[in-house]
Amino acid sequence: MGATRLHVLDCGAMSCDLTWLLLKAGTTIRSRGDRDLPAPWTPCPTHAVLVETPDGLLLWDTSCPRDWEARWKPTGLQEFFPYDRVEEEQYLDRRLGQLGVAPEDLRYVVLSHLHFDHAGNVRQFAGTGARLVCNDKEKEFAFGFDGPFTGAHLKADYEGLDFATVSGDTEILPGVTLVEAPGHTPGTMAMRVDLPETGTMIFTSDAVYLGESFGPPAVPAAIVADLGAWYASVEKIRDLAARTDATVVFGHDAGQLRSLRRSPEAYYS
Ligand SMILES: [Zn+2]
């Protein structure tokens with residue numbers, strides 16, 4: 001028995017220079033003829049996923065916080081990734097509420113990694129009975145550096161919270177497998193969900209930002225902790241998707257997100 005239902009929670013979008021997401025000659029990396037074009041700013045959507053299984057509910061990622069402008073200020077990220085394309089109804093807590101789901105209804109809250117736009121609301125689930133989960137190498141990195149932030153890891157998001165960790169590829173609930181896909185960060189994970197009608201869906205999170213990043217050939221991004229590991233993870237996801245005939249959902253792909261069944265109007269079963 002696998003997962004039974006899956007809801008894609010569209011949490012609006014940040015805005016950013018596309019060069020953060022795609023280092024591609026002719027698209028973001030400009031030729032001399034295009035050198036004076038304006039910076040290619042684009043929506044950078046953020047989503048979470050709610051999975052229903054016979055053994056409980058799992059939330060995948062927690063998007064960005066309402067207080068992004070103040071919280072991100074020490075890092076400067078608010079100038080590069082303003083969370084300024086979001087309606088009230090799109091904030092994560094509202095998205096869960098639209099499905100009648102309260103934090104205490106969740107069995108697991110899994111973070112693909114602990115970056116500011118994925119861990120931004122995880123504190124809402126502390127002390128609710130939901131188990132907070134991330135990869136062991138992500139936890140080691142995110143809690144291990146000195147100071148309040150490094151890159152896009154911001155301790156204000158997660159410091160003091162108790163994370164259970166997984167290592168290797170782990171079936172955490174029936175039909176829900178967390179897939180190690182490091183490179184973007186030391187412990188980035190993707191999520192595989194097996195559904196009765198839809199079949200397999202793979203949520204890449206930031207292991208693959210865009211359909212264009214997936215290729216083939218894979219096209220890297222500006223924020224990659226380990227480029228060799230990143231390429232290997234993309235190929236791992238590609239192999240898994242081919243073997244399972246999966247629908248692959250990318251981490252920040254605006255065009256693709258618009259094409260998906262989105263909550264609360266529609267879901268996957
Ligand atoms: Zn990230």
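No value in this document is a laboratory result; all are computed from the given coordinates. Computed from a prediction, not measured in an experiment: that's the story for all the values here. A quick note on method: Cβ atoms are made from the backbone with ideal geometry, for glycine too, and the neighbour counts reach across all protein chains shown.
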- Query: Of all chymotrypsin sites (Phe, Trp or Tyr not before Pro) in region 116-221, which ones are in loop regions per DSSP and have a Cβ with at most 14 other Cβ atoms within 10 Å?
  - Reply: Phe145
- Along each of the three principal axes of the Cα atoms of the chain, give the extent in whole Å, ordering the values from largest to smallest. 57, 41, 36
- Could you point to the residue in Phe214, Gly187, Tyr108 farthest towards the positive end of the chain's charge dipole, with +1 and -1 charges on the Cβ of Lys/Arg and Asp/Glu respectively? Phe214
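On average over all directions, what projected area in square nanometres does region 152-239 have, based on the convex hull of its Cα atoms?
On the way: hull surface 27.3 nm².
For region 152-239, the mean projected area of the Cα convex hull comes to 6.8 nm².
Among 6-14, 74-82, how do they line up by average Cβ neighbours within 10 Å per residue, starting with the highest?
Values: 6-14: 23.4, 74-82: 16.2.
Going by the mean number of other Cβ atoms within 10 Å, highest first, we get 6-14, 74-82.
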- Item | Selection from Thr19, Leu92, Ala225 lying farthest towards where the dipole of the chain points positive, charges on Cβ | Thr19
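Dipole of the chain, Cα-centred, from +1 at each Lys and Arg C-beta and -1 at each Asp and Glu C-beta, to the nearest 20 debye? Each step should come with its number before you reach the end.
Numbers: 24 positive and 38 negative charges, 82 e Å.
The dipole magnitude comes to about 400 debye.
Output the Kirkwood hydrodynamic radius of region 84-140, Cα pairs only, in Å rounded to one decimal.
When all Cα pairs of region 84-140 are included, the Kirkwood radius is 12.4 Å.
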- Query: Out of region 155-206, which GluC sites (Glu not before Pro) are coil in DSSP terms and have no more than 14 other C-beta atoms within 10 Å?
  - Reply: Glu159, Glu197
- Placing +1 at every Lys and Arg Cβ and -1 at every Asp and Glu Cβ, with all other atoms neutral, what dipole size does region 1-102 have around its Cα centre, in debye to the nearest 20? 380 debye
- Alpha carbon centroid spacing (whole Å) that separates region 226-242 from region 120-135: 28 Å
- Mind listing the long-range amide H neighbours of Tyr209? Cut-off is under 5 Å, sequence gap 5 or more, other chains count too, H placed in the peptide plane at 1.01 Å from N. Gly251
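Nothing charged except the Cβ atoms of Lys and Arg (+1) and of Asp and Glu (-1): what's the magnitude of the dipole of region 72-119 about its Cα centre? Round to the nearest 20 debye.
Details: 5 positive and 9 negative charges, 33 e Å.
The calculated dipole for region 72-119 is roughly 160 debye.
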